[in-house]
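Below is one structure; the comments refer to it alone.
The values are calculated or read from the model by the stated rules, or taken from the named source; none is laboratory data. All of these numbers come straight from a predicted model, not from anything done at the bench. With ideal geometry, Cβ positions are generated from the backbone for all residues, glycine too; neighbour counts draw on all protein chains shown. For accessibility, only protein heavy atoms count, side chains too; no ligands or nucleic acids. Shrake-Rupley method; radii C 1.70, N 1.55, O 1.52, S 1.80 Å.
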Amino acid sequence: MKYGYTPKLMSLDSVEDDDFIICIAWMGAPSVILERLWNKNDIIEAINITEKEAGKEASSIFCAEVGGLNSMEPLCASMALGLPLIDGDGMSRAFPNLSHIDHLFPDGVRYPFVFYNTANNTHSVHYGDSISVIEPKVIGALIKSGFIGVICFGLDGDQVKKSFRNTISLSWKIGKALSTAKENDQTYEQAIQSFTNAKCVFSGMVTEIHSKTGIHDHGYFIILDKSTQQEMKILYLNESIQAEIDGNIICVVPDIIGIIDRDTGEPFQNADIQYGFNVSVICIPVSPKLVAKPEKYGTQFFNLETEYKPIGDYKEPQSILD
């Protein structure tokens, strides 16, 4: 936007069944991705290759997951190419695997997947009739690349219509609410509660970080409330998957566990967290579609021996285009 690019948002209601739509996302461990500078040329080249392999030109851009870097990269692609970004995504939050969007392919994968190695500007093309076939191939390319790269693939409009609606709008609302909370004399929880039913479940200082990096970042960190001496432990696999206080589970996937700066409201990725940060933990209820499939989105998928209890009632996001 600083250089004159203008974002364009497109309602899912405007998508036609035969539209050809590009989905683009980073793959790999966030801690590795954050260490490498990237630019719009990586995105444009990946999309150009994907269009060539599919034999079609994209009419719009789609977001695989509305979380972290992968909520921003499709927006950058949209602005750089002058194409609208669809107001929806494949997960309604962030998850670490491609398998979390396989509901978009009920009758199989129609176009090849392109993995673009941003370290040396090479690419590989992967074919298969399902995400379960393609994902191991892409992971192999990811490992060879040094755990960083862009995945890009085509979808038809009838597939994109199976996505979660208005999640880009919701992200914009959350960002605006957090950035203006203080001038509106609101807590950060109050600022976003009206359209998410969010709850601030803990605040304190980060006192321990235990992290390992491979295909994903994984580990846990500890937050200490000095006034009560209680500690919250947050487990993560790229994204936070469980929050507990003294062994008592407070929030668990698929509900969202978000970390923000306690003083400014700035959201943190787990890869951003450092010792001594003063943070608040904000938890947000998710779509019943995620809750209904614990083997795909919840505790079973992440091998957590935890009973899921919703953090609150889900609120369906409303579009800013209305």
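Quick notes on this structure:
- Hits in region 20-36 (condition: within 18 Å of F115 (Cα to Cα) and either surrounded by fewer than 22 Cβ atoms within 10 Å (Cβ to Cβ) or hydrophobic (A, V, I, L, M, F, W, C) (or both)): I21, I22, C23, I24, A25, W26, M27, A29, V32, I33, R36
- Among (1) of a type outside the set (D, E); (2) out of contact with any Leu (no Cβ under 9 Å at 6 or more places or on another chain); (3) surrounded by fewer than 14 Cβ atoms within 10 Å (Cβ to Cβ) - the single one A46 does not satisfy: (3)
- Residue among I47, I21 that alone is in contact with a Ser or Thr (Cβ under 6 Å, 6 or more places away or on another chain) and of a type outside the set (K, R): I21
- Residue within region 35-58 that is touching a strand residue (DSSP E or B) at 6+ places or on another chain (Cβ under 7 Å), under 11 Å from D156 (Cα atoms) and assigned to a loop (DSSP other than H, G, I, E, B) present: yes
- Residue check, I61 in a strand (DSSP E or B), of a type outside the set (S, T, Y) and either in contact with an Asp or Glu (Cβ under 7 Å, 6 or more places away or on another chain) or without any contact (Cβ under 8 Å) to a residue 12 or more places away in the chain (or both): no
- Residue check for D17: part of a loop (DSSP other than H, G, I, E, B) and surrounded by fewer than 19 Cβ atoms within 10 Å (Cβ to Cβ): yes
- Residues of region 78-109 satisfying the condition of being charged (D, E, K, R) and under 15 Å from the mean Cα position of the chain (by Cα): D87, D89, R93
- Residue count for region 263-278 satisfying the condition of being in contact with a Gly (Cβ under 7 Å, 6 or more places away or on another chain) and closer than 19 Å to H210 by Cα: 1.
- Unique match (being within 21 Å of L224 (Cα to Cα), open to solvent by less than 40 Å² (accessible area, probe 1.4 Å) and of a type in the set (G, A, S)) among G276, G312, G298: G276
- Qualifying positions in region 225-238 - out of contact with any helix residue (DSSP H, G or I) (no Cβ under 7 Å at 6 or more places or on another chain) and crowded, with 16+ Cβ neighbours inside 10 Å: E231, M232, K233, I234, L235, L237
- For region 230-257, the set of residues classified as under 18 Å from S211 (Cβ atoms), within 14 Å of the chain's Cα centre (by Cα) and in a strand (DSSP E or B) consists of Y236, L237, E239, S240, I241, I257, listed by residue number.
- Selection of region 173-211 for residues being at pLDDT 95 or above and aromatic (F, W, Y) yields only F202.
- Residues that are on the phi < 0 side of the Ramachandran plot and out of contact with any strand residue (DSSP E or B) (no Cβ under 7 Å at 6 or more places or on another chain) were ranked within region 239-273; the one that is surrounded by the fewest Cβ atoms within 10 Å (Cβ to Cβ) is N248.
- Among the candidates Q300, Q318, residue that is outside any strand (DSSP E or B) and free of Cβ contacts under 8 Å to residues at least 12 places away in the same chain: Q300
- All conditions in (1) within 28 Å of M10 (Cα to Cα); (2) surrounded by 20 or more Cβ atoms within 10 Å (Cβ to Cβ) hold for S145, with the sole exception of (1).
- Contacts under 6 angstrom Cβ, first residue in region 153-169 being at positive phi and in a loop (DSSP other than H, G, I, E, B), partner among the small types (G, A, S) and open to solvent by 10 Å² or more (accessible area, probe 1.4 Å), 6 or more apart: N166/S319
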